[in-house]
Amino acid sequence: VDTLANQETPVVLVDLGVLERNIADMAQGCRLDGVRLRPHAKTHKCVEIARLQLMAGAAGLSVAKLDEAEVFAAAGCQDLFVAFPVVGADKGERLLRLSDRARIAVGVDSVAGAETLATIFERANRKLDVLLKVDVGFRRAGVLPEDALAVAQGIARLSGLRLRGVFTFAGHVYSATSPAEIEAIGRAEGETLVTVADRLRRAGFAIDEVSVGSTPTAAVARAIPGVTETRPGNYVFHDASQVNLGVCAIESCALTVLATVVSVPSPERAVLDAGSKSLSKDPLAPSGGGFGWLLGRSSRIAALSEEHAVVRVEPGESLRVGERVRILPNHCCVVVNLTDRLLGTRGNRVECSWPVVARGSR
Ligand SMILES: Cc1ncc(COP(=O)(O)O)c(C=O)c1O
């Protein structure tokens, strides 16, 4: 039997029981609220996990990159949404080829960006489905709600495109400091997007999709009447940031990094073999510092270099050279992007090794 003791470190582990429960719980919540679930596959980048989500009832997948879309389309996913403002003729050509294999839609948030795709589809006498990205407060990409109608009218003039819906991502929720604030952001996310959708419908647009998303706001935003779809990604694994935000318990975290203690220069300092090459330097949301928690201990990673993690050992705790620890990372999505494979475990048994096949960045 393959066990954890046989694995070289650092290595990324996925607790299969927790993964299966996370997938089932989100699918069930969406079913009860009557909205489609389109999980963001950038979190796992893994065909086997996508299949589990689709088998549990997901309507399709969200992705951020066409590299991801191509991998999941080749693996048989029939319905993909690129939840990103895609721009460029090169991307348009790839989308045209992809649209032969799957139902595909992409995000747009400008007429100029939409034009770069429209020309390619118009020339091929085809139509590309697009969803207008709306900013509900994150202040990243997306049109402001008050500008949505003007941009939609500009997009409607492009004959290679069909404006099928609106979408948003309330990323500012990762700065929320209380459950009440998370709830308020999720409510505003759903309500603002539904209001924009209604405004566009009154102007004659056939808005079928009103797509919200994020793991912290998933349950609140999807329950707003008029929302049709939700796109959480992180929920399959969860991470220290979700626990710190109060979104889930530590027992709902499926992904950890198994590491070895390689040096204990003094009682209050221990060094692990998983540095920023394994964990990334993504911060803990919404605040709190450090680069990861050790399961079963209160000691945390205080500093990281490329190959070293420095643990500040709490009084009463100790770490020995050669000992193995499991790290709950700040942000699971970036950890997956740094590894070639995920080991699926049940207890100490390693049940499978899943390649992380959709890591392309274009
Ligand atoms: C556009 C978009 N949709 C959905 C998600 C998924 O959100 P989460 O990672 O909170 O589950 C993300 C994550 O960054 C995103 O950028």
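The values are calculated or read from the model by the stated rules, or taken from the named source; none is laboratory data. Bear in mind that the values here come from a model prediction, so they are computed numbers and not experimental data. Quick reminder, even Gly has a Cβ in these numbers, built from the backbone with ideal geometry, and neighbours come from all protein chains shown. With ligands, DNA and RNA removed, areas are computed over all heavy atoms of the protein, side chains included. Shrake-Rupley method; radii C 1.70, N 1.55, O 1.52, S 1.80 Å.
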Size of the dipole of region 92-187 about the Cα centre, Lys and Arg at +1 and Asp and Glu at -1 on the beta carbon, nothing else charged, in debye to 20?
500 debye
Please list, ordered by chain and number, the residues whose modelled amide H lies under 5 Å from the amide H of residue 162; skip anything fewer than 5 residues away on the same chain.
128, 129, 130
Assign one of three labels to region 250-347, namely rounded, prolate or oblate, based on the Cα gyration tensor with a ≥ b ≥ c the square roots of its eigenvalues; rounded applies when a/c is under 1.5, prolate when it is not and a/b is larger than b/c, and oblate otherwise.
rounded
Tell me, rounded to the nearest percent, the portion of alpha carbon pairs in region 117-222 spaced more than 23 Å apart.
32 percent
Solvent-accessible heavy-atom area per residue, rounded to whole Å², over region 1-91 at 1.4 Å
39 Å²
Simple spin-label estimate for residue 251/residue 266, 7 Å along Cα→Cβ, in nm, reads 3.9 nm
Below 15 angstrom from the Cβ of residue 170, what's the summed charge of the other residues (Lys, Arg +1; Asp, Glu -1)?
0
With a Förster distance of 45 angstrom and the Cβ-Cβ distance between residue 353 and residue 125, calculated FRET efficiency to the nearest 0.05 equals 0.50
Karplus couplings for region 264-270 from phi (6.51 cos²θ - 1.76 cosθ + 1.60, θ = phi - 60°), rounded to Hz, Gly and Pro as x?
10, x, 7, x, 9, 9, 10
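Would you mind working out the magnitude of the charge dipole of region 213-362 relative to its Cα centre, with +1 at each Lys and Arg C-beta and -1 at each Asp and Glu C-beta, to the nearest 20 Debye?
Details: 16 positive and 13 negative charges, 43 e Å.
It comes to approximately 200 debye.
For the chain, with all protein chains present and a 1.4 Å probe, just round the carbon and sulfur fraction of the accessible area to a whole percent.
Taking all protein chains in place, the chain shows 50 percent carbon and sulfur surface.
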To the nearest 20 debye, what is the magnitude of the charge dipole of the chain about its Cα centre, counting +1 on the Cβ of each Lys and Arg and -1 on the Cβ of each Asp and Glu?
640 debye
Enter the mean projected area of the convex hull around the alpha-carbon atoms of region 1-89, in nm², rounded to one decimal.
8.1 nm²
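So which of 45/127; 45/65; 133/277 end up more than 22 Å apart, counting from Cα to Cα?
Over 22 Å apart, Cα to Cα: 45/127; 133/277.
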Once a ≥ b ≥ c are taken as the square roots of the eigenvalues of the Cα gyration tensor of the chain, is the result rounded (a/c under 1.5), prolate (a/b larger than b/c) or oblate (a/b not larger than b/c)?
prolate
Whole number in Å², please: accessible area per residue of region 244-349, 1.4 Å probe, ligands, DNA and RNA not counted.
45 Å²
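Restricting things to alpha carbons, find the Rg to Rh ratio for region 1-157 using the Kirkwood radius for Rh.
For region 1-157, the value is 1.05.
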What figure in square angstrom, to the nearest 10, would you give for the accessible area of residue 91 with a 1.4 Å probe?
50 Å²
Helix-only [θ]222 nm of the chain, DSSP H runs n ≥ 4, -39500 (n - 2.57) each, per residue, nearest 500
-9000 deg cm²/dmol
Place +1 on the Cβ of every Lys and Arg and -1 on the Cβ of every Asp and Glu in the chain, take the dipole about the Cα centre, and give the residue among 32, 96, 299 whose Cα lies farthest towards its positive end.
96
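Around residue 349, with a cut-off of 14 angstrom between Cβ atoms, what is the net charge of the other residues, counting Lys and Arg +1 and Asp and Glu -1?
Once positives and negatives cancel, what remains is -2.
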Ignoring ligands and nucleic acids, what accessible area does residue 253 show with a 1.4 Å probe (Å², nearest 10)?
20 Å²
Amide H contacts under 5 Å for residue 352, restricted to residues at least 5 apart in sequence or on another chain and with H modeled in the peptide plane, are 344
